[in-house]
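**Q** Pasting in a structure now, in structure tokens, and then I'll have a few things to ask.
The values are calculated or read from the model by the stated rules, or taken from the named source; none is laboratory data. As the structure is a prediction and not an experimental result, all values here were calculated from the model. Every residue, glycine as well, gets a Cβ built from its backbone with ideal geometry; the counts of neighbours run over all protein chains shown. Accessible surface is based on the protein model in full, side chains and every heavy atom, while ligands, DNA and RNA are left aside. Shrake-Rupley method; radii C 1.70, N 1.55, O 1.52, S 1.80 Å.
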Amino acid sequence: MSHLKSLDELEKIRQRALEETRVRQAGHKTQITIGMGTCGIAAGARETMAAILAELGKRNLTDVVITQTGCVGLCEKEPLVDVTKPGKPKVTYGNVDAEKAKKIVAQHVINDQVVGEWVVATR
Ligand code: FES
């Protein structure tokens, strides 16, 4: 019986941990990561980055963290842009030019709707 009780306690601990994780993640910011490796830059990642920054600025979005990453081995899909919203899986978009970047900010970052047609991976 003490065995069952401890399972019960474990479940409570697990629930508490899940809740704490959820609360912590809710406080996190949306993160946008742009592939700025050689191939990304060759494919226009600088323009993509500039478009994202301009769009965020125009809309006064200050709670978004922008980071860069190097090559991830998906040359033909560059420029790659990851969007990670708090508590959601990371969504990777491929061949993101300036126009697509603006739509991703408007539709995904602001309105929480993934732009399915440009997604190359989710994790
Ligand atoms: S050279 Fe950058 S992903 Fe291939």
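**Q** Just the number please: accessible area per residue for the chain, 1.4 Å probe, all protein chains included, in Å².
**A** 63 Å²
**Q** Can you put C39, C75 in order of accessible area, largest first, using a 1.4 Å probe?
**A** Result of the area sort, largest leading: C75, C39.
**Q** Could you give the angle, 0 to 90 degrees to the nearest 10, between helix 45-58's Cα long axis and the longest principal axis of the Cα atoms of the chain?
**A** Result, in degrees: 70.
**Q** Now, a different point. Using a 1.4 angstrom probe on the protein heavy atoms only, line up T38, T69, T30 by accessible area, largest first.
**A** Listed by decreasing accessible area, they come as T38, T69, T30.
**Q** What part of the accessible area of the chain, given as a whole %, is carbon or sulfur when the probe is 1.4 angstrom?
**A** Heavy-atom surface of the chain belonging to carbon and sulfur, 1.4 Å probe: 54 percent.
**Q** Same structure, new question: Might you report the magnitude of the Cβ-based charge dipole of the chain about its Cα centre, with Lys and Arg at +1 and Asp and Glu at -1, to the nearest 20 debye?
**A** With Lys and Arg at +1 and Asp and Glu at -1, about 280 debye.
**Q** So how much accessible area does D63 have, in Å² to the nearest 10, using a 1.4 Å probe?
**A** 80 Å²
**Q** How big, on average over all directions, is the shadow cast by the Cα convex hull of the chain, in nm²?
**A** The number I arrive at for the chain is 9.2 nm².
**Q** Report Rg/Rh for segment 61-123, rounded to two decimals, where Rg is the Cα radius of gyration and Rh the Kirkwood radius.
**A** With Rg and the Kirkwood Rh in hand, the quotient comes to 0.93.
**Q** Enter the angle in degrees (range 0 to 90, nearest 10) between the Cα long axis of helix 2-26 and the first principal axis of the Cα atoms of the chain, meaning the one along which they spread out most.
**A** Helix 2-26 sits at roughly 30 degrees to that axis.
**Q** Still on this structure, please answer the following. Run the paramagnetic zone check for T69: 7 angstrom along Cα to Cβ, then residues of segment 104-123 with backbone nitrogen under 13 Å.
**A** Answer for segment 104-123: 120-123.
**Q** Under 22 Å Cα to Cα from K90, which lysines show up? Leave out anything in the same chain fewer than 8 places away.
**A** Reachable lysines: K29, K77, K100, K102, K103.
**Q** Under 14 Å from the Cβ of R123, count the other residues' Cβ atoms, weight Lys and Arg +1, Asp and Glu -1, and hand me the total.
**A** Value of the local net charge: +2.
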